[in-house]
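Take a look at the structure below.
The values are calculated or read from the model by the stated rules, or taken from the named source; none is laboratory data. Keep in mind it's a predicted model, so treat the numbers as computed, not measured. Positions of Cβ are generated from backbone atoms using ideal geometry, with glycine treated the same way; all protein chains shown enter the neighbour counts. Keep in mind that these areas ignore ligands, DNA and RNA; they rest on the heavy atoms of the full protein, side chains included. Shrake-Rupley method; radii C 1.70, N 1.55, O 1.52, S 1.80 Å.
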Amino acid sequence: MQDHFAHIQCGDCPIRHRAVCARCDADELQKLEQIKYYRSFQAGQTIIWSGDRMEFVGSVVTGIASLTQTMEDGRRQMVGLLLPSDFVGRPGRPTAAFDVTATTDVVMCCFRKKPFEEMMSTTPHIAQRLLEMTLDELDAAREWMLLLGRKTAREKIASLISIIARRDAALHLRKKTGALSVDLPLTREEMADYLGLTLETVSRQISALKKDGVISLEGNRHVQIPDMDRLLEEAGDDSDGGMLV
């Protein structure tokens, strides 16, 4: 997989329209080409340990990763998901704030950190896009606080499916209304861990959403959504979809 992406130019990248380089012109993309490289990670592999010195920043090209915080007593909490086009690392911060773990096989487009930070100061398009992505991440964190703190188990499951479906539609330039389909990147065990639910509760709520016609399943992962507005209503969100993470 890594070798496959090694031959792809920035202009042909599948996440180009949503990544940190989305606003770059041809000359700026050429500069990025000179400092980029691809890395592959297997499912379950740690990409970054919290506290490690960051030598690179980059974007998820394919796959999904989790952000995890470990408390002093050893308990771990998943605090976020990284989907294709999401940015990993913080320019100007020497160390990582969270553990980043590949949930599925992951390919990342990485940039050497110091040259990237230098480009930010001379390339407004990169700095502007990174600011937009940071604000989107802040919105997503606030939405997640609501989901974990106030929503019912059924609303949590519906919310997670809708978030992944909307992100997948945006990545592939498809409409985010009406009928949609998506392959869930998480197992039910991972969904339970992420949402703070038991495996039994996750399975029961997915079955209930299926029984009520809100979703249909093909296998364990492929989800058909007949009406996105109805799924959003089940998630407790406005019909406009709320915040897109």
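Looking across the stretch 218-233 at every residue that is over 21 Å from residue 103 (Cα atoms) and touching a strand residue (DSSP E or B) at 6+ places or on another chain (Cβ under 6 Å), the one that is most open to solvent (accessible area, probe 1.4 Å) is identified as 224. Screening the stretch 138-176 for residues that are open to solvent by 50 Å² or more (accessible area, probe 1.4 Å), under 24 Å from residue 16 (Cβ atoms) and touching a residue at least 40 places away in the same chain (Cβ under 8 Å) and picking the one that is nearest to the chain's Cα centre (by Cα) gives 139.
In the stretch 143-170, what count of residues is obtained for those that are at pLDDT 80 or above, part of a helix (DSSP H, G or I) and not polar (S, T, N, Q)? Let's see the steps before the verdict.
Our first condition is that a residue be at pLDDT 80 or above; within the stretch 143-170, this holds for 150-170.
Subsequent filtering for residues that are part of a helix (DSSP H, G or I) retains 150, 153-170.
Of the ones still in play, those that are also not polar (S, T, N, Q) are 150, 153-158, 160-161, 163-170.
Within the stretch 143-170, residues that are at pLDDT 80 or above, part of a helix (DSSP H, G or I) and not polar (S, T, N, Q) number 17.
Screening 52, 99, 73 for residues that are open to solvent by less than 70 Å² (accessible area, probe 1.4 Å), within 26 Å of residue 147 (Cα to Cα), out of contact with any helix residue (DSSP H, G or I) (no Cβ under 8 Å at 6 or more places or on another chain) and acidic (Asp, Glu) leaves exactly one candidate, 99. Scanning the stretch 8-32 for residues that are surrounded by 12 or more Cβ atoms within 10 Å (Cβ to Cβ) and assigned to a helix (DSSP H, G or I) returns 10, 11, 28, 29, 30, 31, 32. Can residue 132 be described as part of a helix (DSSP H, G or I) and either more than 18 Å from residue 19 (Cα to Cα) or touching a residue at least 12 places away in the same chain (Cβ under 8 Å) (or both)? No, not satisfied. Return yes when residue 39 is open to solvent by 50 Å² or more (accessible area, probe 1.4 Å), assigned to a strand (DSSP E or B), among the charged types (D, E, K, R) and touching a residue at least 12 places away in the same chain (Cβ under 8 Å) and no when it is not. Yes: the conditions hold for residue 39. Could you please let me know if residue 85 is open to solvent by 50 Å² or more (accessible area, probe 1.4 Å), assigned by TED's automatic domain parsing to the domain that holds residue 25 and among the small types (Gly, Ala, Ser)? Here the answer is no, as residue 85 does not meet what is asked. Taking the stretch 179-194 as the range and being open to solvent by 30 Å² or more (accessible area, probe 1.4 Å) and either part of a helix (DSSP H, G or I) or not acidic (Asp, Glu) (or both) as the test, the residues that pass are 179, 181, 187, 188, 189, 190, 193. Within the stretch 109-132, the presence of at least one residue that is crowded, with 16+ Cβ neighbours inside 10 Å, within 28 Å of residue 194 (Cα to Cα) and in contact with a Gly (Cβ under 7 Å, 6 or more places away or on another chain) is confirmed.
Look at (1) touching a Pro at 6+ places or on another chain (Cβ under 9 Å); (2) on the phi < 0 side of the Ramachandran plot; (3) of a type outside the set (Val, Ile, Thr) and you find that residue 178 fails only one, number (2).
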